[in-house]
Amino acid sequence: MASEKQFWNTFKKNKTAMCSLCIVLLLFTASMLAYLFIPDHSPNANRQLPSIALSKPGFQANILSLPRPGLSTQQSFLERVVYGKKEAVDHYVFESIDMDESSIYITNYYGRTLIIPRDGIQDVAPYSDKKRFILGTDKFGRDIFSRIILGIRVSMLVGAVAVFISLFMGILMGSLAGFLGGIWDQLIMLLINVNWSIPTILMVFAIVLAFDRGLVVIFIAVGLTMWVELARIVRGQVMLLKKEQFVVAARNLGMGVPKILFIHILPNIIGPVLVMAAANFSTAVLVEAGLSFIGFGVEPPTPSIGNMLNEHYGYAMTGKLFLAVVPAITLMILVLSFNLVGAGLRDAFDVKKTA
């Protein structure tokens, strides 16, 4: 295996992989810190403005945000970053506003006028603002850009947790099967082959139906369907390395099995493991999107790329193509980037495709 310096030098020379890695890191950072910069800071970016539903990308609207007294909005900075900002305001889209001594008259873009109590408001100017919807709005009048960024967060979290589970299970089972051999190898390979025979999507269905929907269940379900491929690769690599002289010498010195595996063998198979981890990440993102698309994934109003596709694919044939294209392209970029990073890792580690 190449040294760390050789690996990094080789990886940096692969412009496609480096560009893909930058895209992945940018999307990860943006999604984790989404509530700091997205236009809609409300939880799940679920601020609904029906009067401007299905607006095109770049649309601008005048928004009046009037406070609702008596509602607590106290939050820590961390809560705002993770869950969004609690809102104690009512939002109105307006073309013009008139006031008298007791009421505010809000006229929207369709010429309809809404009358609301003035409630001591002296001037509406501090509460009004013009906002641009970069990617337009969906059928509920929600900001698509904000929901796309939060959807990427869900995909990243599902991918990360699923890959962690698959790495833990795959490395553990594969290394034990390859190193111990005998009856242990046969039992573990039987378990691997049984899991291998069950289609991934059916396995996820079974887990989700058994434990109900939810992010945690999705994490576990996707992770438990991806470890078998990694386990087979780890098993084969361990079976080769355990015959090497440094491993034989360690066994002759009385070193325990866990120590031999974690100190001498696993560091030498990190290349194939990382390549499989990158591939599993993109697979996890696709599986989560597929589950959400057919209604078995993340529950609305939590945004995910899959349920956004589900809500909007029907508009592709009605002149609102952007509603379906935006989440589809986002998913394509995310999956393609991880696949290209995996290809770059494979070339840098100089490992062959074993999957």
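Derivation of every value follows stated rules applied to the coordinates shown; laboratory data play no part. Remember, it's a predicted structure, so these values are computed and weren't measured experimentally. Heads up, the Cβs are rebuilt from the backbone with ideal geometry, glycines too, and the neighbour counts pull from every protein chain shown.
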note = Where a ≥ b ≥ c are root eigenvalues of the Cα gyration tensor, a/c under 1.5 meaning rounded, otherwise prolate if a/b exceeds b/c and oblate otherwise, the range 58-140 counts as oblate
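Mean projection of the alpha-carbon convex hull of the range 212-337 over all orientations, in nm²?
For the range 212-337, averaging the hull's shadow over all directions gives 9.9 nm².
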query = With contacts defined as alpha carbon pairs under 8 Å and 6 or more residues apart, what's the relative contact order of the chain in percent?
reply = 21 percent
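At most 16 other Cβ atoms within 10 Å and a DSSP loop assignment: could you name the GluC sites (Glu not before Pro) in the range 79-179 that fit?
Working: sites: Glu79, Glu87, Glu95, Glu101; in loops: Glu87, Glu95, Glu101.
Filter output for the range 79-179: Glu95, Glu101.
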query = Which ³J(HN,Hα) values, rounded to whole Hz and listed in residue order, are derived for the range 192-197 from phi using the Karplus coefficients 6.51, -1.76 and 1.60 in 6.51 cos²θ - 1.76 cosθ + 1.60 with θ = phi - 60°, glycine and proline given as x?
reply = 4, 5, 5, 5, 5, 6
task = For the chain, set up a Gaussian network in which alpha carbons nearer than 10 Å are linked by springs, and say which option among Pro267, Pro57, Pro327 fluctuates the most.
result = Pro267
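Where a ≥ b ≥ c are the square roots of the eigenvalues of the C-alpha gyration tensor, would you call the chain rounded, which needs a/c under 1.5, or, failing that, prolate if a/b is larger than b/c, or oblate?
On the way: a/c = 2.78, a/b = 2.61, b/c = 1.06.
It is prolate, given that a/c is not under 1.5 and a/b is the larger ratio.
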query = Which of Leu253, Gly290, Gly319 sits farthest toward the positive end of the charge dipole of the range 226-355, with +1 on the Cβ of Lys and Arg and -1 on the Cβ of Asp and Glu?
reply = Leu253
task = Could you work out how far helix 200-211 tilts from the main Cα principal axis of the chain, as a 0 to 90 degree angle to the nearest 10?
result = 60 degrees
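Select from the range 224-263 those chymotrypsin sites (Phe, Trp or Tyr not before Pro) which occupy a DSSP coil region and have at most 14 other Cβ atoms within 10 Å, ordered by residue number. Don't skip to the answer; put the middle values down first.
Working: sites: Trp227, Phe246, Phe262; in loops: none.
Those that pass, being in a loop and sparsely packed, number zero.
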query = In which sequence would Met226, Met203 go, from the one with the fewest C-beta neighbours within 10 Å to the one with the most?
reply = Met203, Met226
query = With each label point set 7 Å from Cα along the Cα-Cβ vector, what nm distance links Phe205 and Arg68?
reply = 4.0 nm
Dipole of the chain [Lys/Arg +1, Asp/Glu -1 at C-beta], most positive-end residue of Phe262, Leu49, Val194 = Phe262
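Counting only trypsin sites (Lys or Arg not before Pro) that are in a DSSP loop and have at most 12 other C-beta atoms within 10 Å, tell me the longest site-free stretch of the chain.
Numbers: sites that count: Arg112, Lys243, Lys352, Lys353.
The reported range is 113-242.
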message = If neighbour count is taken as other Cβ atoms inside 10 Å, put Met173, Met156 in order from fewest to most.
response = Met156, Met173
Karplus 3J(HN,Hα) series, Hz, for the range 317-323 with 6.51 cos²θ - 1.76 cosθ + 1.60 (x for Gly, Pro) = 9, 10, x, 10, 4, 4, 4
key: Listed residues Tyr83, Met99, Phe59: farthest to the positive end of the dipole of the range 58-140 (Cβ charges)   = Tyr83
ask   = D for the range 97-189, whole µm²/s, Stokes-Einstein with Kirkwood Rh over alpha-carbon pairs at 4 °C and 1.567 mPa s: what number?
value = 67 µm²/s
inquiry  = Which residue fluctuates most in the GNM of the chain (Cα springs below 10 Å): Leu323, Leu345, Leu240?
reply    = Leu240
inquiry  = What is the distance in Å between the Cα centroid of the range 219-297 and that of the range 1-72?
reply    = 31 Å
key: Cleavage-rule hits, chymotrypsin sites (Phe, Trp or Tyr not before Pro), the range 163-217, DSSP coil, Cβ neighbours within 10 Å at most 13   = none
query = When the chain is modelled as a GNM with alpha-carbon springs shorter than 10 Å, which of Ala125, Ala206, Ala221 fluctuates the most?
reply = Ala125
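Out of every Cα pair in the range 183-278, what percent are spaced more than 18 Å from each other? Don't jump to the answer; show the numbers that get you there.
Details: 2681 of 4560 pairs.
The answer is 59 percent, as a whole percent.
Suppose every Lys and Arg Cβ carries +1 and every Asp and Glu Cβ carries -1, with no other charges. What dipole size does the range 58-140 come out with about its Cα centre, to the nearest 20 debye? Before the final figure, lay out each step's value.
Numbers: 10 positive and 11 negative charges, 88 e Å.
It comes to approximately 420 debye.
Would you calculate, for the chain, the mean residue ellipticity at 222 nm contributed by helices, counting each DSSP H stretch of 4 or more residues as -39,500 (n - 2.57) and dividing by all residues, to the nearest 500? Show your work: numbers first, answer last.
Numbers: 12 runs with 193 residues, N = 355.
Roughly -18000 deg cm²/dmol at 222 nm, from the helical runs in the chain.
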remark   = The FRET efficiency for Leu180 and Leu78, from their Cβ-Cβ distance with R0 = 51 Å and rounded to 0.05, is 0.70
